[in-house]
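Reading through the structure tokens given below for one structure.
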Amino acid sequence: MPTFRFFKEITLNIHISMKQKIPVLILIAASLILLAVITPSYLHNKKHEFSNNQLVASHIYGLIEGNIERPIGITSGLSSDEFLIRALDQEVNTNEKAMEEMMSSFLSAVRNQFGYESVFVVSENTKRFYTSTGIYKTVNPQLDPYDNWYPIFLDTAGKLQIETDRDQRFDYRWSIFVLTRIINDEGKTIGVCGIGLPLDDWQKMLMSVEKEYKVKINLIDSQGLVQIDTDYNNIQNAYISDALSDEATAQGFTHTEKGRNGFRITRYLSNLNWYLVVQGSNLIEAQLQAAIIIILINIFLISAIILLLLEHKKVLHHDLVKSSLPEDELTGLPNRNYIKEAYGELGVFNTTRYKSLAVFDIDHFKIVNDGRNGDEIILGIVELAKKTLDEKGIMFRYSGDEFVLFIELPASEAEQKFKNFCNEAKEKFDVTISVGIVDVDLSVSIKTNYYRAVQACYAVKEAGGNNVGIR
């Protein structure tokens with residue numbers, strides 16, 4: 001071992017008298033004895049700390065499951081409520097005012113019984129957004145980008161979905177939405193019911209646990225994107241991608257050592273389709289390092305130990321990586337963060353080079369991804385889109401299977417190119433693409449141009465997909 005070689009060099013190469021060697025030998029012997037004493041204790045305490053960390057993670061897991069099971073149960077009950085199903089089935093034959101009063105009374109009773117302020121139902125027939133106070137709005141993604149959640153949810157195969165988003169009805173506060181599909185006796189989707197849980201309540205709960213156990217708690221989605229954090233700045237703006245490599249399941253926790261004395265515990269939450277990530281510091285590791293430092297103080301004097309102490313005092317790192325990387329790992333394309341860095345979140349185009357903006361995604365990608373290799377399909381579609389773009393612009397991977405393009409051609413010229421792109425994607429990869437293209441309006445923000453293209457894209461998707469829409 002390097003330490004013993006060092007001791008050997010001391011005794012062989014430094015010519016000192018036997019009387020001078022005795023104190024050095026005593027210090028070395030005392031250090032070895034101290035190591036022999038603390039090592040078994042360290043191993044025992046480390047095992048105990050590992051078990052304690054697992055207990056802490058289990059406690060957190062229980063808190064989260066307990067707080068989400070109730071709203072899941074309530075929405076599931078609402079989705080199968082005979083009165084609600086019958087009312088939505090007969091909605092088109094019911095006077096709008098009478099329907100509004102009936103749904104308002106029903107949702108008020110639910111709110112009063114269970115104590116949830118935000119309870120709602122969206123009708124598939126009329127797209128009315130019913131609340132306990134009446135009809136809040138008519139859901140229309142083409143007029144309001146915030147309504148995109150509705151067709152996206154219906155486009156998935158699942159009956160239940162949980163997502164973090166801002167609640168328009170309550171000053172755009174961050175909320176956890178529990179959404180459930182309403183299916184009638186014929187198996188047809190007739191609407192969606194949901195409950196909005198203020199994220200503030202969850203943050204208070206998790207903050208008290210973080211403070212008590214000296215850990216960091218996050219809930220992340222299947223992409224590693226943070227969905228719940230006690231810091232608002234990290235929500236949907238930070239990644240813990242390393243946790244995905246833990247390959248955690250719903251059956252138990254994975255335990256991963258991080259760096260010198262850190263740990264990460266991960267578990268899949270099947271109810272939420274998210275991952276629980278608990279990160280912290282191993283105190284036993286820190287104590288062992290302190291003991292070794294004390295030994296080194298005896299051998300190498302205070303001056304050397306000061307440097308080791310400075311090295312020892314590391315700031316706890318929680319692997320919260322801000323999404324500032326400008327390049328997507330899978331495709332090598334610039335990502336949405338490149339747009340933020342180059343133009344700002346609410347920035348405008350600083351050049352007249354780009355004449356149009358396009359948004360496209362793969363129709364029913366979740367179903368495609370479940371049955372095939374999603375990464376291979378995305379890479380193939382990216383190469384096909386690059387060929388279509390023909391270096392007349394720039395393409396970004398915005399999220400998942402959604403891509404944004406700044407194009408140097410007007411929308412009318414780009415339309416035929418991307419119709420050919422849709423046809424080739426169908427022929428080569430057996431998938432369909434929905435594309436939305438708009439002429440760039442330099443007087444408004446990039447985000448506004450983007451939302452206009454999204455609306456055109458969803459108009460195509462609602463019409464069956466595999467086409468190009470222009471607004």
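The values are calculated or read from the model by the stated rules, or taken from the named source; none is laboratory data. Please read all numbers here as calculations on a predicted model, not as lab measurements. So basically every Cβ, Gly included, is an ideal-geometry build from the backbone, and we count neighbours across all protein chains shown. With ligands, DNA and RNA removed, areas are computed over all heavy atoms of the protein, side chains included. Shrake-Rupley method; radii C 1.70, N 1.55, O 1.52, S 1.80 Å.
Values for this structure:
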{"quantity": "Greater than 31 Å apart at Cα, pairs in K97/K188; K188/K386; K97/K159; K386/K461; K137/K417; K366/K419", "calculated": "K188/K386; K137/K417"}
{"quantity": "Under 5 Å, built H, 5+ apart or other chain: amide partners of K258", "calculated": "F263, R264"}
{"quantity": "Integer Hz, Karplus 6.51/-1.76/1.60 couplings in order for segment 380-393, x for Gly and Pro", "calculated": "x, 5, 4, 4, 5, 5, 4, 4, 5, 5, 6, 6, 9, x"}
{"quantity": "Phi-based couplings in Hz for segment 430-437 (Karplus 6.51, -1.76, 1.60; Gly and Pro marked x)", "calculated": "6, 10, 10, 10, 10, 10, x, 10"}
{"quantity": "Stretchable slack from T249 to E341, in nm (0.36 nm times residue separation minus alpha-carbon distance)", "calculated": "29.6 nm"}
{"quantity": "For segment 389-459 and segment 204-248, distance of Cα centres in Å", "calculated": "33"}
{"quantity": "Rounded percent of accessible protein surface that carbon and sulfur make up, segment 155-215, 1.4 Å probe", "calculated": "48"}
{"quantity": "Additional length obtainable on full extension of the chain from E402 to S104, 0.36 nm per residue less Cα span", "calculated": "103.6 nm"}
{"quantity": "Solvent exposure ordering (accessible area, 1.4 Å, most first) of W274, W174", "calculated": "W174, W274"}
{"quantity": "Global geometry of segment 319-465, whether rounded, prolate or oblate, following the gyration tensor of its Cα atoms and the 1.5 cut on a/c", "calculated": "oblate"}
{"quantity": "Shape category assigned to segment 137-203 from the gyration tensor of Cα positions, a/c cut at 1.5", "calculated": "oblate"}
{"quantity": "Cβ-Cβ FRET estimate between S51 and K426, R0 fixed at 51 Å, reported to 0.05", "calculated": "0.40"}
{"quantity": "Efficiency of FRET between E391 and I183 - r from beta-carbon atoms, R0 60 angstrom, step 0.05", "calculated": "0.80"}
{"quantity": "Heavy atoms of R86: accessible area, 1.4 Å probe, square angstrom to 10", "calculated": "120"}
{"quantity": "Gyration tensor verdict on segment 397-450 (Cα atoms; rounded if a/c is under 1.5, prolate if a/b is larger than b/c, oblate otherwise)", "calculated": "oblate"}
{"quantity": "For segment 86-183: accessible area per residue (Å², 1.4 Å)", "calculated": "46"}
{"quantity": "Exposure of Y275 as accessible area (Å², to 10), given a probe of 1.4 Å and all protein chains", "calculated": "50"}
{"quantity": "Sequence of E257, E186 from largest to smallest accessible area, 1.4 Å probe", "calculated": "E186, E257"}
{"quantity": "Approximate spin-label separation T138-S80, in nm, with each point projected 7 Å along Cα-to-Cβ", "calculated": "3.4"}
{"quantity": "Qualifying GluC sites (Glu not before Pro) for segment 377-455 [loop in DSSP, other Cβ within 10 Å: at most 13]", "calculated": "E391"}
{"quantity": "Table column - 3J(HN,Hα) (Hz), segment 330-335, Karplus curve with 6.51, -1.76, 1.60, x for Gly and Pro", "calculated": "6, 9, x, 7, x, 10"}
{"quantity": "Theoretical FRET efficiency, 1/(1+(r/R0)^6), r = Cβ-Cβ of Q168 and D441, R0 22 Å, to 0.05", "calculated": "0.35"}
{"quantity": "Gain upon complete extension [Q223, R70; 0.36 nm per residue less C-alpha separation]", "calculated": "52.5 nm"}
